1. Testing Thr35 on (1) touching a helix residue (DSSP H, G or I) at 6+ places or on another chain (Cβ under 7 Å); (2) under 19 Å from Ile130 (Cα atoms), one condition comes back false. Which one is that?
2. Could you please give the count of residues in the range 82-120 that are assigned to a helix (DSSP H, G or I), in contact (Cβ under 8 Å) with a residue 24 or more places away in the chain and buried (at least 19 other Cβ atoms within 10 Å of the Cβ)?
3. Given the structure, is Arg6 of a type outside the set (A, V, I, L, M) and either touching a Cys at 6+ places or on another chain (Cβ under 6 Å) or exposed (fewer than 13 other Cβ atoms within 10 Å of the Cβ) (or both)?
4. Among the residues of the range 22-31, are any of a type in the set (Val, Ile, Thr), farther than 22 Å from Ala151 by Cβ and part of a helix (DSSP H, G or I)?
5. Of all residues in the range 72-81 being of a type in the set (A, V, I, L, M) and without any contact (Cβ under 8 Å) to a residue 40 or more places away in the chain, which is nearest to Met126 (Cα to Cα)?
6. Among the residues of the range 1-33, count how many are closer than 19 Å to Ala111 by Cα and of a type in the set (A, V, I, L, M).
7. Among the residues of the range 13-33, are any surrounded by fewer than 21 Cβ atoms within 10 Å (Cβ to Cβ), over 21 Å from the mean Cα position of the chain (by Cα) and touching a residue at least 40 places away in the same chain (Cβ under 8 Å)?
Amino acid sequence: MRQITRGTRAGYATGSFVTGAFGTVPGLLLLPYLTDSLAVPAAVAGLLVLVPKAWDVLFNPVAGRISDRAGVRRPFLLRGGIVTAVLFALLFAGPFTGVGAAVYVAVVFLACATAYAFFQVPYVAMAAEITEDYDERTRLMAWRMAFLALAILVSGAGAPRCGTRSATPAWAWRSRR
């Protein structure tokens with residue numbers, strides 16, 4: 001088998017930045033954002049964080065089946081990644097407070113988790129399609145894991161610096177003073 005180039009390994013591994021951000025930032029910021037910025041009760045906020053994560057367990061096999069039947073994974077990666085990014089930004093730009101905020105975040109986070117499934121499932125499956133060689137696939141996955149660790153560090157360190165207040169629309173802060 002021919003060796004995979006560093007460019008191919010790095011290109012594949014950059015998908016881990018989506019995985020790292022989606023896995024880290026909501027866990028660090030979504031609860032305080034919901035409770036402190038959007039005035040959602042803590043118990044409701046906890047459910048809002050849990051439900052989309054549980055949805056992944058149920059929906060990921062469906063996303064996998066759909067991408068397997070399509071036969072090509074790249075369109076799913078591109079569309080799923082773009083939609084995930086847009087919805088992820090909207091997740092932290094809630095225009096409501098209280099019950100309205102809870103409904104808004106529930107809908108947007110569930111849609112974001114669905115879009116993420118259409119990115120993540122084909123992304124993980126793609127390694128087996130890039131190479132059949134065990135050693136090359138191991139190197140490819142090592143790059144993926146290294147990029148994932150870097151993504152977790154960067155998004156984990158960077159997300160709190162952005163702060164939940166900066167993600168809240170200015171009108172919401174003015175009305176709460």
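Quick note: the coordinates plus some simple rules give every number you see, no bench work behind them. Fair warning: this is a prediction, and the values are worked out from it, not measured in the lab. We place every Cβ from the backbone using ideal geometry, glycine too, and count neighbours over all the protein chains shown.
1. (2)
2. The number of residues fulfilling the criteria is 17.
3. So Arg6 fits the description; yes.
4. So far as the range 22-31 goes, no, none of its residues is of a type in the set (Val, Ile, Thr), farther than 22 Å from Ala151 by Cβ and part of a helix (DSSP H, G or I).
5. Just the residues of the range 72-81 that are of a type in the set (A, V, I, L, M), to begin with: 72, 77-78.
Filter once more, so that each one left must be without any contact (Cβ under 8 Å) to a residue 40 or more places away in the chain: 72, 78.
Working: Val72: 10, Leu78: 13 Å.
Among those that are of a type in the set (A, V, I, L, M) and without any contact (Cβ under 8 Å) to a residue 40 or more places away in the chain, it is Val72.
6. 6
7. No: the range 13-33 contains no residue that is surrounded by fewer than 21 Cβ atoms within 10 Å (Cβ to Cβ), over 21 Å from the mean Cα position of the chain (by Cα) and touching a residue at least 40 places away in the same chain (Cβ under 8 Å).
Residue-by-condition table, conditions (1) hydrophobic (A, V, I, L, M, F, W, C); (2) in a helix (DSSP H, G or I); (3) touching a strand residue (DSSP E or B) at 6+ places or on another chain (Cβ under 9 Å); (4) more than 24 Å from Ala13 (Cα to Cα):
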position: Leu47; (1), (2), (3), (4): yes, yes, no, yes
position: Ala54; (1), (2), (3), (4): yes, yes, no, yes
position: Val57; (1), (2), (3), (4): yes, yes, no, no
position: Ala63; (1), (2), (3), (4): yes, yes, no, no
position: Ser67; (1), (2), (3), (4): no, yes, no, no
position: Val72; (1), (2), (3), (4): yes, no, no, no
position: Pro75; (1), (2), (3), (4): no, yes, no, no
position: Leu78; (1), (2), (3), (4): yes, yes, no, no
